[in-house]
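Everything on this sheet refers to the single structure shown next.
Only the coordinates and a few stated rules stand behind these numbers; no lab work does. None of these values were measured; they are calculated from a predicted model. Counting neighbours? That spans all protein chains shown, and the Cβs are built from the backbone with ideal geometry, glycine included.
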Amino acid sequence: MEVSKIASSLQFSPIRRFNPIAAEAAKSGVKVYKLNIGQPDVKTPDVFLDKIKNFDESVIAYQESQGDSALREAISKYFKNEFSVNFKPDEIITTMGGSEAITIMFACILNPDDEVLMPEPYYTNYSTFISTSGGKIKPVTTGPDDGYNYAKEELLEDAISDKTKAICIINPNNPTGYVLSEDEMEFIADFAIKHDLWIIADEVYREFVYDGKKAMTFASIERIKDRLIVIDSVSKRYSACGARVGFIASHNEEFMQSVLKFCQGRLCIPTIDQVGATALFELPHSYYEEARDEYEARRDAAYEEISQIPDVVCVKPKGAFYLSAELPVDDAEDFLMFMLKEFRDNNETTMFAPCAGFYASEGKGKKEIRLAYVLNPKDMKRACELIKLGIAEYNSK
Ligand SMILES: Cc1ncc(COP(=O)(O)O)c(C=O)c1O
């Protein structure tokens with residue numbers, strides 16, 4: 001007996017696969033600052049649990065496959081109030097986090113060997129999401145030297161083939177923190193129209209944009225209405241990663257009917273979590289400003305420390321809560337193992353994600369790491385200091 005070719009081709013997540021080694025260190029009493037995973041320490045708004053505590057049905061029944069109608073109504077209002085965008089509730093289907101939204105979305109648009117343009121580095125799990133539907137990633141390579149900017153005609157035109165089906169934009173970006181300007185969004189829209197592509201806009205970090213920039217959505221661009229698929233989630237915006245509530249929004253009816261077929265196959269997502277999530281989408285605008293300010297302070301703390309380390313190449317993130325940096329080491333994964341197994345300062349160490357798995361191109365990203373600035377500014381500073389001390393000790397070995 002053997003497992004499928006697709007299953008054996010998949011990678012273990014470079015964000016999660018080092019967790020057991022970090023757990024060993026923690027068990028032996030070492031404090032490990034975890035910058036590997038996008039799990040913020042920010043409090044989930046009280047309204048989430050308050051709403052659940054008031055749930056008074058005597059049976060936890062299945063929900064509709066397309067999602068709780070109150071939640072879809074709340075999401076529809078959120079788009080209207082925050083972005084003047086009209087997504088009707090029946091143009092929204094809730095999913096088990098953004099992750100299931102992405103998996104189902106690709107199953108709905110890709111045939112075997114179809115290609116998806118992905119600016120790299122990209123959120124590593126896209127490799128798994130696309131492979132499971134038999135599709136292929138066509139990487140559009142960026143790096144720290146060009147500020148991780150992929151919105152360039154030549155770069156994108158070079159990647160187009162007769163198999164290209166979609167362009168996938170994570171904006172604000174994980175892992176680089178790159179944020180498209182309004183003009184760049186318009187350019188991507190025109191590019192997709194020119195080549196008749198789906199536009200997948202993964203906007204799970206939509207509100208996390210810094211330096212006075214305004215949060216934007218591709219859904220504001222009228223002329224791409226029929227080809228736009230928005231991927232979203234409560235995980236990051238509301239610091240509710242364990243709620244496992246995300247959604248797909250699109251005006252394309254045929255696409256949404258296809259999504260619904262997959263969703264009916266998996267029945268529904270958790271009834272109770274959808275009740276709590278409804279209250280999150282009803283939060284006032286000030287919530288988004290406060291959350292953004294908190295992450296901007298963390299970004300500043302992380303960037304200030306990391307950019308001072310000699311020979312580190314690092315671009316100041318414009319959004320999301322990640323920072324990619326090229327380190328003066330030959331192999332970031334080996335350096336991570338050293339940090340977890342050998343390096344200690346005051347019995348503390350830190351953990352991050354090596355970036356090679358965030359690239360589809362062989363050999364890229366070997367010296368790069370991704371830091372999630374999800375800890376409070378004081379802990380962020382300390383974690384970055386540990387990286388600095390670790391590099392010095394590692395390179396003197
Ligand atoms: C860009 C991006 N999209 C989607 C997800 C999926 O998140 P979730 O399944 O928790 O909604 C993540 C998680 O880190 C992400 O970074």
Potential lengthening between I21 and D50 on full extension [0.36 nm per residue; Cα-Cα distance subtracted] | 6.8 nm
How big is the shadow of the Cα convex hull of the stretch 149-225, averaged over all directions, in nm²?
-> 5.2 nm²
Lys/Arg +1, Asp/Glu -1 at C-beta; the stretch 188-302 dipole; positive extreme among Y295, Y210, N252 = N252
Convex hull volume per residue in cubic angstrom - Cα atoms of the stretch 122-189 = 91 Å³
Quick calc: nm separation of the 7 Å Cα→Cβ label points for F187 and Q257 -> 3.8 nm
What angle do you read, to the nearest 10 degrees and between 0 and 90, between the alpha-carbon axis of helix 271-280 and the longest principal axis of the chain?
-> 80 degrees
Net charge, D41 excluded, C-beta distance under 12 Å - Lys, Arg +1, Asp, Glu -1 | +2
Is there a pair in K316/K381; K236/K388; K213/K381 whose C-alpha atoms are over 20 Å apart, and which pairs would that be?
-> K236/K388; K213/K381
Helix-derived [θ] at 222 nm for the chain: sum -39500 (n - 2.57) over DSSP H runs of at least 4, divide by residue count, nearest 500?
-> -12000 deg cm²/dmol
Give the cross-link partners of K194 among the lysines, using a straight C-alpha distance below 23 Å as the criterion and excluding same-chain residues fewer than 8 apart.
-> K136, K138, K152, K163, K165, K225
All-pairs alpha carbon distance profile, the stretch 331-397, 10 Å steps from 0, percent | 21, 49, 26, 4
For the chain, find the longest principal axis of its Cα atoms and tell me its angle to the long axis of helix 285-307, 0 to 90°, nearest 10.
-> 30 degrees
What do you get for Rg/Rh over the stretch 1-159 if you use C-alpha atoms and the Kirkwood form of Rh?
-> 1.03
Expected sort for 266-279, 49-62 on mean C-beta neighbours within 10 Å, highest first, is 266-279, 49-62
So, for the Cα atoms of the stretch 266-393, Rg and Dmax in Å stand at 17.9, 53
D196 versus A7, label points 7 Å from Cα toward the beta carbon: distance in nm?
-> 3.8 nm
Extension length gain for Q264 and A61 (0.36 nm per residue less Cα distance), in nm, is 71.6 nm
By the Kirkwood definition, with r running over pairs of different Cα atoms, the stretch 46-285 has a hydrodynamic radius in Å of 18.3 Å
